[in-house]
1. I'd like the full set of residues that are in contact with a strand residue (DSSP E or B) (Cβ under 8 Å, 6 or more places away or on another chain), part of a helix (DSSP H, G or I) and farther than 20 Å from residue A:107 by Cα, limited to the stretch A:53-86.
2. Just wondering, is there one or more residues in the stretch A:42-61 that are away from chain B (no Cβ under 12 Å) and not basic (Lys, Arg)?
3. Report, by residue number, each residue of the stretch A:88-124 that is assigned to a loop (DSSP other than H, G, I, E, B) and either modelled with pLDDT of 80 or more or within 10 Å of chain B (Cβ to nearest Cβ) (or both).
4. How many residues, within the stretch A:63-106, are loosely packed, with under 15 Cβ neighbours inside 10 Å, closer than 19 Å to residue B:114 by Cβ and touching a residue at least 12 places away in the same chain (Cβ under 8 Å)?
5. Pull out all pairs, ordered by first then second residue, where Cβ-Cβ is under 9 Å, the residues are six or more apart or on different chains, the first lies in the stretch A:9-37 and is more than 7 Å from chain B (Cβ to nearest Cβ), and the second is part of a loop (DSSP other than H, G, I, E, B) and modelled with pLDDT of 80 or more.
There are 2 protein chains.
Amino acid sequence: MTTTTTPPVAEAAACCAPIARQPLAEPDAAELAALLKAVADPVRLRLLSMIGSHAGGEVCVCDLTAAFDLTAPTISHHLKVLRTAGLIDGERRGTWVYYRIVPEQVARLGALFTPLAGPSTART
Amino acid sequence: MTTTTTPPVAEAAACCAPIARQPLAEPDAAELAALLKAVADPVRLRLLSMIGSHAGGEVCVCDLTAAFDLTAPTISHHLKVLRTAGLIDGERRGTWVYYRIVPEQVARLGALFTPLAGPSTART
């Protein structure tokens, strides 16, 4: 008789993420889908990552526009979608608007799909 | 001459989520946006949560269809989108297909927006 020391069933991971803890109610699903739609776009994902990773935590819209091969109105549209979703915030100073990430709202997205911190994350 | 040992700028929170750690490269942004599009829909979010939270970890497509006021082909379409994105997997047994969540792919979504566990999460 061999003693298997492997942990039971490693179903873990998804089981603890809120998305997989209980069926989402219709209104919650609608609200979360809207938030996800705001980030489900390559340009908006890149904008979000540029804003979030910028030294000092904020970026001038002028620098964002310069980084893309897109017109200023197109970038403005994408920024507006992110801002309406509450994922970024902007402040006008002089000629330009400066954007920064809203960490709580970004973390909300993550929390939906992330198993609770604990033993499951320590698993290898 | 003073020796400053404080870490540079502790913008924390969002700074540690991969989305805010460094600018996303274009191909990565495109791939992640496709994955996010798969979940950026209220019906698909509800399907995902129903599959993930179901006792035993899997659900018969017959039960999923019964839970919605939608036609079977519509539910099938949404399930196909989730399956194509690698978020669920299905197995035919007899008349019905049984779906279960793919934890690794769900966790990938979460990781993108989640600050690394550590001091930053303890901030208030």
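The values are calculated or read from the model by the stated rules, or taken from the named source; none is laboratory data. The structure presented is a predicted model; accordingly, all values stated were derived computationally and were not measured. FYI the Cβ positions are ideal-geometry reconstructions off the backbone, even for glycines, and counts take in every protein chain you see.
1. Those that are in contact with a strand residue (DSSP E or B) (Cβ under 8 Å, 6 or more places away or on another chain), part of a helix (DSSP H, G or I) and farther than 20 Å from residue A:107 by Cα: A:61, A:62, A:64.
2. yes
3. Residues satisfying the conditions are A:94, A:95, A:102, A:114, A:115, A:117, A:118.
4. 1
5. Sorted first by the residue in the stretch A:9-37, then by its partner, the pairs are A:18/A:24; A:34/A:85; A:34/B:40; A:35/A:85; A:35/A:86; A:35/A:87; A:35/B:40.
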